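One structure below.
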Amino acid sequence: MPIWLQTALLLSLSNIFMTFAWYGHLRTLNSKPWVIAALISWGIALFEYLIMVPANRIGYTELTVGQLKIMQEVVTLIVFVPFSVLFMQQPLKPDHLWAGLCLLGAVYFIFRS
């Protein structure tokens, strides 16, 4: 499997944990004290880091740090939009499309030779 694909898959999995750690408590733990939400979020974030660190180490064997960052940002948007719409029940807006197009521009510029 190509390095870029391994990296993208690991970043995707890591980002799913990150998204739930950062935002999932807003829906599921909103009646609990913030410190409880923080502790649970930190527990979830541990899994994010256990996947993110190897993803970046693997990716850095062939990608620049800038390429890794842009890849992570694209993955974040790809994960966050469905999470926002399906889990958080937020409406899908044209701004999501515009943000995605801006990231495509960033991908083009950071990965061009």
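The values are calculated or read from the model by the stated rules, or taken from the named source; none is laboratory data. Note that the structure is a prediction, hence the values are computed from the model and not measured. A quick note on method: Cβ atoms are made from the backbone with ideal geometry, for glycine too, and the neighbour counts reach across all protein chains shown. Surface areas here come from the heavy atoms of the whole protein model, side chains and all, with no ligands, DNA or RNA. Shrake-Rupley method; radii C 1.70, N 1.55, O 1.52, S 1.80 Å.
A compact table of results
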{"quantity": "Virtual spin-label span in nm between Leu92 and Trp42, 7 Å along Cα→Cβ", "calculated": "3.7 nm"}
{"quantity": "Area of Met1 that stays accessible when all protein chains are in place (1.4 Å probe, Å², to 10)", "calculated": "140 Å²"}
{"quantity": "Residue-count net charge about Pro82 - beta-carbon cut-off 15 Å; Lys, Arg +1, Asp, Glu -1", "calculated": "+2"}
{"quantity": "Loop GluC sites (Glu not before Pro), region 10-113 (other Cβ atoms within 10 Å of the site Cβ: 16 or fewer; DSSP)", "calculated": "Glu62"}
{"quantity": "FRET efficiency estimate (nearest 0.05) - Cβ-Cβ, Gln6 to Leu101, R0 30 angstrom", "calculated": "0.65"}
{"quantity": "Stretch gain in nm, segment Arg27-Tyr49, where the contour uses 0.36 nm per residue and the Cα spacing is subtracted", "calculated": "5.6 nm"}
{"quantity": "Solvent-free Debye scattering, log10 I(q)/I(0), computed from the Cα coordinates of the chain at q = 0.11, 0.21 Å⁻¹", "calculated": "-0.41, -1.14"}
{"quantity": "Kyte-Doolittle mean at least 1.0 and Cα axial length at least 24 Å: DSSP H helices in the chain", "calculated": "34-59, 65-82, 94-111"}
{"quantity": "Area projected by the alpha carbon convex hull of region 54-97, averaged over all directions, nm²", "calculated": "3.8 nm²"}
